[in-house]
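Report on the structure given below.
The values are calculated or read from the model by the stated rules, or taken from the named source; none is laboratory data. These numbers were taken from a predicted model, which means no experiment stands behind them. What goes into the accessible areas is simple: the full protein's heavy atoms, side chains included, and nothing from ligands, DNA or RNA. Shrake-Rupley method; radii C 1.70, N 1.55, O 1.52, S 1.80 Å.
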Amino acid sequence: MAVTTCLTWMQEKVLQNYFGEKQFSLLYKASVHGFSSKGLLERCSNQGPTITVIYAGDYIVGVYAQNNDKEEYVFITLFVFQETEISECKIGPFQLPMVFQDNFEFYVNLERKRMYISPETKEKLGLSGYISFQECEVFRCEDLLDKRRMEGVIELKEKLLSAIRTYKPYGDLVHQTRILLLGPIGAGKSSFLNSVKSIFRGHVTNQALVGSYTCGTSDKYRTYFINDGKNADTLPFILCDSLGLSETEEGLCMGDIPYILKGHIADRYKFDCTKPITPGHDNYIGSPLLKDRIHCVAFVFDANSVEHLSKEMVSKIKRIQRELIKCGVVHVVLLTHVDTLDMIMKGDLMDIYSCLPVKLKLEAVHRELGFPPSNIFVVRNYTSEWELEPVMDVLILSALRHMLWAADDFLEDLPFEETDRCVW
C-alpha cells in the first residue's frame, strides 16, 4: 500500500510555494517506518534538499535543509506553520544527526515523540510551553520543472504535434475541420488562436488582435488557416473567431449563430450587433458545403470569472447549447488563465487536472452550465511571453486534439443525405 502524507493539499501547496516551487516526495513517515532516529537517518540521508514535517496538535513544526549529508555542517530553516501563516528562523550550523540528538538549540526525540526548542528560538517562532507530537514525515524536495521532467514534457509535445499534423478528418468528408471559438468578450478566444499559431510557427505571434476593451476586438467573423512552420503545409483544421458574447447589445447577435454553424457566413463578415446577416449580403453563402459548416464549437471562459457570469450570460450560453444540440455539433469548454488561480504554480501545469482548485473549477462549470467535466479543458494562453514554453504548449495542443476528436464525432454522426455535400 502506498504511503501518503498527512498534509492536506492546501498545506502541501503552501509549503511548496514558500520554499520555491518544490515537488515533495515522501521518504519517511514515523507511524509507518517507526519512531526511530536511526531509521529516519538511514532512509533520508544524502537525498539532497529535504523538509521534515512534525505534527504538533493544531500546528506544524518543520525543518528545511538544503543539504542533508550526514557529515556536512549546514544551516537549517526551522519554521512553524499554523493555518496559512509561516514563521521561520535560521539555526545552526548542524550536521543532520544533531537534529535528532540532545543539543542546546533544537532537537527532535522521535522515540519519545518530544521536541526541544531553545527559549530564544521559541520566542522568534511565537511558540511557548512543552511540545509533543503525533507524527513526523520527511520529504525530498525537487524543483517542479527539473531537467528530467522537462524532457518528458518536450517528448509529449512532439507526440502531440505529430498527431495533429497527421490528423485526417473522419471519413475524408472534408479536408479541414472547422472549430468555432465562442465566449464572453475578453475571455481569451483570440489569444487561444494566437497561441495555436505560435506553437506551429515555432515563435510567439499575434495575428489575431487581442485586447481587453469592453466591446472586444473581434468585430468580424474570421477563419484562420494555420500553416505549419516545419514544412509550410496548411494544417488539417481551421479556427474560426467571432464577436464575443455580451449581456448588452454590443456582443454577438444570437440570430447569427445558426448561420455560422450552417456555413452561411463567409470570412471577414462584419457583425451587426442589432441584427443577423440576411440572404443577399455580400458575405452570405447561399448554398454552403459541408466544408463550410462548423464541425466543433469551443466555448472559451476565463477560469477566474466563469462562476460569476450574469444570469443573462448564462441564459445566452444555454440557448446556444440548445442550438448546438439541434445541429448535432459537439461542443467543449476551454478555461483560460488557469495559471492565475489561487495556489497554482507554473510547475503545476504539468499535472494540472490533479490540482484541487482546477478540480473544483471543473465541478463548478459542470454544475452551473451543464458541460460534462470530460469536455472541459484548461489552458494558459500566450499573452505576455516572448518565447514558447513546452508546458504551456502541451496544455494547448491537448485541448486542440480533443477538439479534433469532437469534430470527428460530428462528422461520423452525420446523416447519409448530408454527406453528399462534402465536395472539397
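Below, the figures for the structure above:
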| item | result |
| --- | --- |
| Kirkwood-Stokes translational diffusion coefficient of the range 1-122, alpha-carbon pairs, 4 °C, 1.567 mPa s, µm²/s | 87 µm²/s |
| Estimated 222 nm signal from helices in the chain, with DSSP H stretches of n ≥ 4 weighted -39500 (n - 2.57), rounded to 500 | -9000 deg cm²/dmol |
| Surface per residue (accessible, 1.4 Å probe) for the chain, Å² | 48 Å² |
| Value of relative contact order over the range 101-194, rounded to a whole percent, pairs C-alpha under 8 Å and six or more apart | 12 percent |
| Taking the chain and dividing mean pair separation by its residue count, relative contact order in percent (alpha carbons under 8 Å, at least six apart) | 15 percent |
| Against the rule of thumb 2.2 N^0.38 Å, how large the Cα Rg of the range 134-199 comes out | 1.84 |
| With every protein chain in place, the range 287-392: carbon and sulfur % of accessible area (1.4 Å) | 51 percent |
| Answer label, with semi-axes √(5λ) of the Cα gyration tensor in Å calculated from the coordinates and candidates (i) 31, 28, 19; (ii) 55, 22, 18; (iii) 32, 26, 24 | (ii) |
| The range 124-168, accessible surface, carbon-and-sulfur percent (1.4 angstrom probe) | 52 percent |
| The range 230-271 - percent of accessible surface contributed by carbon and sulfur, probe 1.4 Å | 44 percent |
